[in-house]
Amino acid sequence: MIYLGIDTSNSPLAVALMKDDTVLIEETTNLKINHSLTAMPAVEEMLAKAKISPRDLTHIAVAEGPGSYTGVRIGVTIAKTLAWSLKLPLYMVSSLKVLAANGQGFDGLICPIMDARRGTAFTGAYDGNSLESIIPDQHSDLKEFLEQLKLHNKPVLFTGIDVSIHEQLIREVMGDAASFSALQDRLPRAANLIMLAKDSEPVDVHQAIPEYRRITEAEANYNKAQEGQSHE
């Protein structure tokens, strides 16, 4: 069994190859380069290094979002194309759960955070041991989410490269309940993505769609315009 994992859902690019339970190659790049230019070349280079042909692959795993609209679309499109053309099973895993897996084993809750601007974030909460979803992935006002999170009365490990943006607010709301993962543990790991995929069910390639968790700005503006017309 040879798994290819791809995560382009935020600014880091994470790709990995696993053969059975062995990580052959795992690469993470955090240079904020357009994934449309780097993702497929990274996959091709990784396969070449491992001397593995695309025809040798047996499973494809991809981070389904939430995150950057463009980034999520790129990863999902590449994964769907490979799965369809090679006739391989496709597995889609929450981008937030991939981040949460960095802290698996934490005695409490794990809260991954992706900044979504204007005081909002893509976030959720996972059990530190089982990675079971405790609070569903969502796009929400971060302060309101933290106040909801605090009601669980458990220690919380915050992770993700955007945690530093909101660290002051997190400390203000969560107090001593908040812990923060080490800086090197805040990047997404494609090997974690693959391990999570192994515990999930494949999806229909033709029905697979990204999980954005919020509407686009264009959709929001359209809805506002429609509401304005309805009141005229």
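The values are calculated or read from the model by the stated rules, or taken from the named source; none is laboratory data. This one's a predicted model, so the numbers in the text were calculated from it and none came from an experiment. Note: ideal-geometry Cβ built from the backbone for every residue, glycine included; neighbour counts use all protein chains shown. These area figures cover heavy atoms from the full protein model, side chains too; ligands, DNA and RNA do not enter into them. Shrake-Rupley method; radii C 1.70, N 1.55, O 1.52, S 1.80 Å.
Brief remarks on what is shown
- Within segment 79-113, being open to solvent by less than 30 Å² (accessible area, probe 1.4 Å) and among the polar types (S, T, N, Q) holds for 94, 95.
- Cβ-Cβ under 8 Å pairs, at least 6 apart or on other chains, segment 46-68 side without any contact (Cβ under 8 Å) to a residue 12 or more places away in the chain, far side not acidic (Asp, Glu): 53/47
- In segment 164-213, the residue that is nearest to residue 79 (Cα to Cα) out of those that are open to solvent by 50 Å² or more (accessible area, probe 1.4 Å), hydrophobic (A, V, I, L, M, F, W, C) and assigned to a helix (DSSP H, G or I) is 195.
- Residues located in segment 1-33, provided they are in contact (Cβ under 8 Å) with a residue 40 or more places away in the chain, open to solvent by less than 30 Å² (accessible area, probe 1.4 Å) and not hydroxyl-bearing (Ser, Thr, Tyr): 2, 4, 5, 6, 7, 12, 14, 15, 16, 18
- Residue within segment 150-160 that is under 24 Å from residue 62 (Cα atoms) and within 13 Å of the chain's Cα centre (by Cα) present: yes
- Test: residue 130 is small (Gly, Ala, Ser), surrounded by fewer than 22 Cβ atoms within 10 Å (Cβ to Cβ) and not in a strand (DSSP E or B): yes
- Pick from segment 34-54, criterion assigned to a helix (DSSP H, G or I) and of a type in the set (Ser, Thr, Tyr), ranking: surrounded by the most Cβ atoms within 10 Å (Cβ to Cβ): 38
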